[in-house]
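Bear in mind these aren't lab numbers, they're just calculated from the coordinates by the rules spelled out. Remember, predicted model here, so these are calculated numbers, not experimental data. Virtual Cβ from ideal backbone geometry, glycine too; neighbours counted across all protein chains shown.
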Amino acid sequence: MERATGRSEYLTRSVEPAEVNDYDSFAEAYSAENENNLVNAYYARPAMLTLAGDVAGCRVLDAGCGSGPLSAALRERGAVVTGIDISAGMLALAERRLGGDADLYQVDLRDRLPFDDGAFDVVVSSLVLHYLEDWGPTLAELRRVLRPGGRLIASVDHPFVAYTLQEPRPDYFATTSYTFDWSFGGQTVPMKFWRKPLHAMTDAFAAAGFRVSAISEPQPDPAARELFPDDFPAFSTKPCFLFFVVEVPPADTGSAG
């Protein structure tokens with residue numbers, strides 16, 4: 001697989017365009033939309049950064065980095081950041097944001113990651129896992145590349161929200177997919193997510209060898225109250241995303257076992 005900069009370093013399964021979730025087809029519009037909006041700029045990213053805490057000097061993998069806003073914020077806090085994403089279009093935007101020396105790779109999270117065991121202190125994965133039906137192989141790889149005692153901080157669509165998106169309501173306890181249309185910059189694109197019950201999420205983390213240390217339902221940044229007065233009241237009183245902090249046990253050898 002090639003870095004976004006074009007320097008060939010790793011070779012894995014090629015990434016083919018998909019009919020759904022094709023971020024290459026709307027990368028610019030999506031990046032512009034979430035730059036300063038309520039959901040991403042004043043909720044998802046601040047929550048991830050708060051849960052990450054002090055990352056100065058830490059080796060951080062941004063798994064599903066998109067156009068790089070979270071990577072940029074982590075770098076500003078002193079982290080050494082590597083970004084991976086399936087979308088070449090999003091990585092091109094990330095390189096534009098982060099600079100030509102940015103450590104960026106086009107990687108499908110369903111594949112083996114092109115990094116050594118224990119290469120990272122922290123992995124962040126913001127709003128990514130709900131694209132996957134089976135979290136098992138991905139979580140095993142994220143665990144493998146984390147050092148013993150390392151942390152994974154992940155956010156997903158809240159399972160209660162995903163459960164109520166269609167009528168009749170699906171079986172909450174089943175893992176099921178759902179599709180919908182997103183509109184950005186005059187484009188409408190088909191998306192497909194997977195909904196799982198909460199226990200299936202925590203079971204997946206445990207099966208991969210992680211220990212759950214926090215499950216968070218944070219509030220948006222208070223600054224959003226004045227910036228988005230019409231949307232803030234509902235957004236601050238209803239579930240939206242669910243955030244996890246999970247750890248590799250300190251005595252772990254770091255292998256996926």
For region 68-113 and region 33-52, distance of Cα centres in Å: 17
Take Y172 and D22, extend 7 Å from each Cα along the Cα→Cβ direction, and tell me the distance between the two endpoints in nm. 3.7
Descending packing, highest mean Cβ count within 10 Å first, for 193-200, 167-174, 239-246 is 239-246, 193-200, 167-174
Choose one of Y131, V55, F180: the residue whose Cα lies farthest towards the positive end of the charge dipole of the chain (beta-carbon charges +1 Lys, Arg; -1 Asp, Glu; about the Cα centre). V55
Could you let me know the centre-to-centre spacing of region 121-161 and region 162-216, using Cα atoms, in angstrom? 13
Here region 68-190 gives, from Cα atoms, an Rg and Dmax in Å of 16.6, 50
How big is the charge dipole of the chain about its Cα centre, in debye rounded to the nearest 20, if each Lys and Arg gets +1 on its Cβ and each Asp and Glu gets -1 on its Cβ? 560
Full-stretch length increase - T188, E76 - with 0.36 nm per residue and alpha-carbon distance subtracted: 36.9 nm
Sorted by average packing, counted as other Cβ atoms within 10 angstrom per residue and highest first, what order do 138-151, 49-62 take? 138-151, 49-62
Would you order T164, T176 from fewest to most other beta-carbon atoms within 10 Å of each residue's own beta-carbon? T164, T176
Fraction in percent of alpha-carbon pairs per bin - 10 Å, the chain: 7, 30, 40, 21, 3, 0
The size of the Cβ-based charge dipole (Lys, Arg +1; Asp, Glu -1) of region 153-201 about the Cα centre, to the nearest 20 debye, is 100
Summing -39500 (n - 2.57) over the DSSP H runs of n ≥ 4 in the chain and dividing by its residue number, what mean residue ellipticity at 222 nm do you reach, to the nearest 500 deg cm²/dmol? -6500 deg cm²/dmol
